[in-house]
Amino acid sequence: MKTKFICLSSVFIILSQIAVSQKLEPIGSVTISNSPIAITFTPGGQELLVSTSAKELVTISVKDLKVTNSKAMPAKIKDLSYSPDGKYFGFLSSKLYVYDAATDKQLGISKKGGMQSFAFVGGGIEEAVVTFPKPGKLMILDNKTQSVTHEFNNIYSYNIWKDVDVSHDGQEFLVVNNLDVFVYDYIAKGNTLRRFQKPNDKEKFWHKAKFSPDKSIIMALVGMHSKYPSIEFYDRDSEKKIGDLPVSNRGNKSGDIDFAISSDGKKIAVCNSKDNLIRLWDISSLYQLTEHHKMLAEKKKAEEAKAAEQAKANEANVSQQQLQTIMAKIDALNNAPAATAALTKNNLCKETDLDIPVTEEQHPLRFALIIGNEDYSSYQTGLESEVNVDYAVNDAKVFKEYMIKTLGIPENNVTLLENATAGQMNQALSKFNKIIEYSNGQAEVFFYYSGHGLPDENTKESYIMPVDVSGFTLQYAIKVDDVYKKLTQHPSKKVTVFMDACFSGGSRNEGLVAVKGVKIVPKEGVIKGNIVIFTSSSGDESSQVYKEKYHGMFTYHLLKKLKETKGDITYQQLSDYLNSSIKLQSVIINNKVQTPTTNISSDIIDTWGDWKLK
């Protein structure tokens with residue numbers, strides 16, 4: 001264990017040596033009758049919930065800082081929180097109690113007691129992380145059953161873990177002891193990402209810490225029970241201190257202190273048991289000091305410059321070659337991650353990417369979710385660029401143009417995810433599940449995916465792979481059957497799926513688990529509902545790239561047919577074309593067999609062939 005931290009010491013920074021860059025002032029306060037213990041914002045940030053020493057839960061309006069309700073509780077609550085998506089509410093006395101936030105129905109009580117703190121996981125992961133004071137244990141509990149699903153054995157256990165928090169995207173978690181705040185990779189279950197060390201003050205120790213909702217700021221409570229407690233703010237990326245917030249105006253020692261962050265990250269609320277005060281601050285000015293927000297500002301500037309250059313190029317009627325040169329320069333400002341990604345953005349295939357047919361019709365109940373996962377190496381340590389999926393982002397971007405221009409889907413109804421994480425993909429699928437539900441059976445949904453696919457070696461079930469998930473953490477990938485279930489859970493007019501990915505362990509370039517050198521014939525699940533699925537390959541085949549066209553072989557032929565027919569084609573005709581064309585061209589171009597397949601729900605086996613795209 002010691003060796004591990006010696007290796008990491010080059011990235012540790014003693015933060016007390018960095019000057020404070022920003023100070024904040026309170027915007028209001030309210031005094032309550034009994035000593036506060038724990039505090040949290042409700043979803044949306046309209047109210048505060050405060051537990052007190054009198055075994056009550058006090059509700060405070062954020063708008064006017066007035067107590068609006070008080071509710072008796074069975075025990076003193078030492079920690080409380082909502083899940084990032086607002087679905088769950090939980091509180092901790094000795095055990096963890098979890099409720100459905102919408103119905104107030106109790107879902108479960110933890111079997112273990114003696115817990116110190118807890119935090120719900122975001123990113124569509126229905127779990128909570130809990131700490132135990134001794135011997136520094138950390139565990140993961142299922143939100144509904146409260147059973148232990150994982151115990152961390154590979155993280156630095158120092159004396160007592162005082163607090164835990166999980167980032168809203170479910171990617172990282174932090175834990176706090178007297179001397180340090182450690183940031184770990186949640187998906188990998190424990191790889192150390194950051195270590196923040198306490199200020200060089202023998203009277204001040206760290207007690208609690210939290211992520212900002214966008215994960216750009218780490219906020220840590222220091223010096224509780226001292227004369228001058230404060231919350232210190234650190235830029236997560238640079239590890240520099242960017243702000244300091246004194247949280248007690250008394251000249252003597254403070255009481256127990258807790259703090260909470262609003263869901264938009266703009267407000268922080270602090271309670272102090274010594275003076276029964278609830279204080280509220282606006283911390284939105286801190287974000288402009290973080291490296292993350294500086295990068296976003298630069299990106300926005302680059303995008304604006306790109307748009308201006310494109311408009312200027314259009315006015316001057318410059319050639320396509322000149323336009324590509326301009327766009328490449330602007331993309332360089334936007335930190336294009338690799339040569340492959342640059343090709344994806346800057347090269348256009350005239351047969352498919354230019355002069356896209358435009359329809360005058362608009363279909364307000366048509367929707368499209370489009371995902372292009374190309375750059376895996378930038379999101380995972382130890383991966384070379386060869387594992388990236390060439391042109392997957394270009395596939396997705398051009399497919400989006402056809403959805404809007406040719407099939408008449410309103411732009412607001414189209415969601416495009418480029419290099420999507422597990423959290424982003426899960427959230428998007430949940431959103432589309434709700435869209436279908438609220439469309440009362442009238443929705444027409446298109447789902448498109450270009451990226452890595454992988455099979456489970458044991459179950460042979462197929463998964464689509466977020467860019468932050470590898471073949472060795474397949475449990476965090478997204479099961480293809482679960483995609484179909486979310487798209488068909490509620491009645492719809494029709495659901496059309498295009499999958500430019502193989503599920504045998506092969507890939508366009510190198511697989512995410514290429515070291516295994518094994519191809520697997522994936523298991524085909526049973527599909528129900530009004531759904532037709534076009535997939536790019538069969539069995540243990542790989543889905544190939546068409547390098548000269550800057551697309552996957554499957555996507556190139558799909559787009560080509562959409563352009564030729566202006567979308568006026570039946571599903572049977574499209575299926576026949578893709579099968580015959582790709583089988584031939586994959587052998588001619590890549591010297592490999594690639595056989596597209598069309599999977600049809602048994603519910604529409606007699607009618608699907610006459611469906612039309614347009």
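The values are calculated or read from the model by the stated rules, or taken from the named source; none is laboratory data. All values derive from a computational prediction rather than experimental measurement. Here the Cβ positions follow ideal geometry from the backbone for every residue, glycine too, while neighbour counts run over all protein chains shown. The accessibility values were calculated without ligands, DNA or RNA, using every heavy atom of the protein model including side chains. Shrake-Rupley method; radii C 1.70, N 1.55, O 1.52, S 1.80 Å.
Here are some conditions: (1) at pLDDT 95 or above; (2) under 22 Å from the mean Cα position of the chain (by Cα); (3) surrounded by fewer than 24 Cβ atoms within 10 Å (Cβ to Cβ). T406 meets all but one. Which one does it not meet?
Every condition holds for T406 apart from (2).
If we scan segment 361-375, do we find a residue that is modelled with pLDDT under 90, polar (S, T, N, Q) and surrounded by fewer than 21 Cβ atoms within 10 Å (Cβ to Cβ)? Walk me through how you get there before you give the answer.
Of all residues in segment 361-375, those modelled with pLDDT under 90 come to none.
The answer is no, given that none of the residues of segment 361-375 is modelled with pLDDT under 90, polar (S, T, N, Q) and surrounded by fewer than 21 Cβ atoms within 10 Å (Cβ to Cβ).
Report, by residue number, each residue of segment 590-611 that is touching a strand residue (DSSP E or B) at 6+ places or on another chain (Cβ under 7 Å) and either in a loop (DSSP other than H, G, I, E, B) or surrounded by fewer than 17 Cβ atoms within 10 Å (Cβ to Cβ) (or both).
P596, N599, S601, D610, W611
Scan segment 9-41 for residues that are open to solvent by less than 20 Å² (accessible area, probe 1.4 Å), modelled with pLDDT of 75 or more and outside any strand (DSSP E or B) and jot them down.
Once the filter is applied, which keeps residues that are open to solvent by less than 20 Å² (accessible area, probe 1.4 Å), modelled with pLDDT of 75 or more and outside any strand (DSSP E or B), segment 9-41 yields only I32.
This table checks each residue for (1) of a type in the set (G, A, S); (2) assigned to a strand (DSSP E or B); (3) at pLDDT 85 or above.
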site: A119; (1), (2), (3): yes, yes, yes
site: S157; (1), (2), (3): yes, no, no
site: K202; (1), (2), (3): no, no, no
site: Y228; (1), (2), (3): no, no, no
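Could you grab me the full set of residues in segment 409-427 that are part of a helix (DSSP H, G or I) and either open to solvent by 10 Å² or more (accessible area, probe 1.4 Å) or touching an Asp or Glu at 6+ places or on another chain (Cβ under 7 Å) (or both)?
Just the residues of segment 409-427 that are part of a helix (DSSP H, G or I), to begin with: 411-413, 422-427.
Of everything in segment 409-427, those that are part of a helix (DSSP H, G or I) and either open to solvent by 10 Å² or more (accessible area, probe 1.4 Å) or touching an Asp or Glu at 6+ places or on another chain (Cβ under 7 Å) (or both) turn out to be E411, N412, N413, A422, G423, Q424, N426, Q427.
Pairs under 8 Å by beta carbon, first residue at positive phi in segment 541-564, partner part of a loop (DSSP other than H, G, I, E, B) and open to solvent by less than 40 Å² (accessible area, probe 1.4 Å), six or more apart or different chains?
Listed by first residue and then by second, the contacts come to Y550/N347; Y550/C349; Y550/D353; Y550/Y391.
Residue-by-condition table, conditions (1) open to solvent by 70 Å² or more (accessible area, probe 1.4 Å); (2) of a type outside the set (K, R):
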site	(1), (2)
V58	no, yes
N69	yes, yes
Y88	no, yes
K112	yes, no
Q116	no, yes
F120	no, yes
E126	no, yes
T145	yes, yes
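Conditions (1) in a loop (DSSP other than H, G, I, E, B); (2) open to solvent by less than 30 Å² (accessible area, probe 1.4 Å); (3) at pLDDT 85 or above, marked per residue:
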| position | (1), (2), (3) |
| --- | --- |
| V483 | no, yes, yes |
| E510 | yes, no, no |
| K519 | yes, no, no |
| K523 | yes, no, no |
| S537 | yes, yes, yes |
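Table: residues versus (1) over 26 Å from the mean Cα position of the chain (by Cα); (2) outside any strand (DSSP E or B).
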position	(1), (2)
I60	yes, no
D64	yes, yes
S70	yes, no
L80	no, no
F91	no, no
V130	no, no
T145	no, yes
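Looking for whichever is of a type outside the set (F, W, Y) and under 32 Å from the mean Cα position of the chain (by Cα) here; the options are S580, S601, S586. Which one fits?
The unique qualifying residue is S601.
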